[in-house]
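The values are calculated or read from the model by the stated rules, or taken from the named source; none is laboratory data. Computed from a predicted structure; not experimentally measured. All Cβ positions, even for glycine, are placed from backbone atoms using ideal geometry, and neighbour counts span all protein chains on display.
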Amino acid sequence: GWKMEDILDEEIKVIKGTVGTDDHVICALSGGVDSTVAATLVHKAIGDRLHCVFVDNGLLRYKERERVMETFERDLHLPVTCVDARDQFLSKLKGVVDPEMKRKIIGKEFIAIFDAFAQDLGNKLGKKPAYLVQGTLYPDVIESCPPPGTGRNHSHTIKSHHNVGGLPKDMKLKLIEPLKLLFKDEVRKLGKILNVPEPFLKRHPFPGPGLAVRVLGDVTEGNALDILRQVDEIFIQSIKDAGLYDSIWQAFAVFLPVKSVGVQGDQRTHSHVVALRAVTSQDGMTADWYNFEHKFLDDVARKICNSVRGVNRVVQDITSKPPSTIEWE
Ligand code: XMP
């Protein structure tokens, strides 16, 4: 067996050899484990000739931007430019209800922002960046076709909006994929050696299109995104407090464009319904719904209705994958 320390040393040598002494490298950070570990590794090899970008697309979870930027800067000392593109994304998504349309629009905006970042950087440096870091894992390499089913895209195909294939031809970026021989658990081990904080390495997966696929229908309608963020935060925090976070593959809330009648504080209300979803899984390809204890669910539902304005009903998703997908859109 290989020791992770040896793999790390070898990777650093390879990256240094590939990039040489004066080329520059760019990387899009999603806030997830893979891109963070990949960037940290490359940063260790070539220092500040690595330039990262993190995009706030307005579809992030509660305090996500602050939380990941703090880890990037304070814990990992990564050079990251944070682009506030909330208006750019949300204005394009206004009125869009088709899930695939949402994904396409979001993918296109990401590319536009990434392209602008690379061009700006090229102008500033007087030299175009030559390489692009991607957090591609071994399973992404071997799974070359999406599983049969609903005809929707799956993660490795969908991630193509971060791929060079989707970028303008004249950028001619060469790929650096330092994790492409590793599995997720090995990436976590590598991240640990690189001092990526443990809780960060254990984060649940989060889809590229973000909360856009968790607000069903038009994401810009009313304060749907804001409500969803609050509900999701209560759910996730409760899961952490109960010590269940690491036993669950993914947990999140879904905003339904549906209102139901309730009674809150002697008042009849007509408010939103939210759904809670938690699943166990090995790889996201199949999944089982997670069976919380009655008391846990009871506490969470009460907390949500008591503290989130505009919600008077909480339901739980009790379908596995298949027949459902993990996300609702
Ligand atoms: P589904 O919903 O297809 O999700 O069962 C399987 C896994 O993939 C994630 N997912 C995505 N990840 N872009 C991504 O980067 C996407 O468009 C996307 N859609 C789903 C999902 O969160 C789950 O972990």
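Structure values in brief
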| quantity | calculated |
| --- | --- |
| Matching residues, segment 183-204, being in a loop (DSSP other than H, G, I, E, B) and modelled with pLDDT of 95 or more | 194, 195, 196, 197, 202, 203, 204 |
| Answer from 76, 60 - the residue that is within 21 Å of residue 328 (Cα to Cα), of a type outside the set (D, E, K, R), at pLDDT 95 or above and crowded, with 17+ Cβ neighbours inside 10 Å | 60 |
| Residue, nearest to the ligand (Cβ to nearest atom), within segment 309-323, restricted to residues that are more than 15 Å from residue 251 (Cβ to Cβ) and in a loop (DSSP other than H, G, I, E, B) | 322 |
| Criterion: surrounded by 19 or more Cβ atoms within 10 Å (Cβ to Cβ), over 18 Å from residue 63 (Cβ atoms) and more than 15 Å from the ligand (Cβ to nearest atom) - qualifying residue of 261, 231, 300 | 300 |
| Strands (runs of 3 or more DSSP E) fully within segment 1-100 counting 1 or more residues that are within 16 Å of the ligand (Cβ to nearest atom) and either in contact with a Leu (Cβ under 6 Å, 6 or more places away or on another chain) or assigned by TED's automatic domain parsing to the domain that holds residue 187 (or both) | 25-29, 50-56 |
| Filter result (within 16 Å of the ligand (Cβ to nearest atom) and out of contact with any Lys or Arg (no Cβ under 8 Å at 6 or more places or on another chain)) within segment 186-206 | 187, 203, 204, 205 |
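Condition check ((1) touching a Phe, Trp or Tyr at 6+ places or on another chain (Cβ under 6 Å); (2) among the hydroxyl-bearing types (Ser, Thr, Tyr); (3) under 18 Å from residue 313 (Cα atoms)) across all residues:
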position: 223; (1), (2), (3): no, no, yes
position: 226; (1), (2), (3): no, no, yes
position: 233; (1), (2), (3): yes, no, yes
position: 238; (1), (2), (3): no, yes, yes
position: 246; (1), (2), (3): no, no, no
position: 249; (1), (2), (3): no, no, no
position: 265; (1), (2), (3): no, no, yes
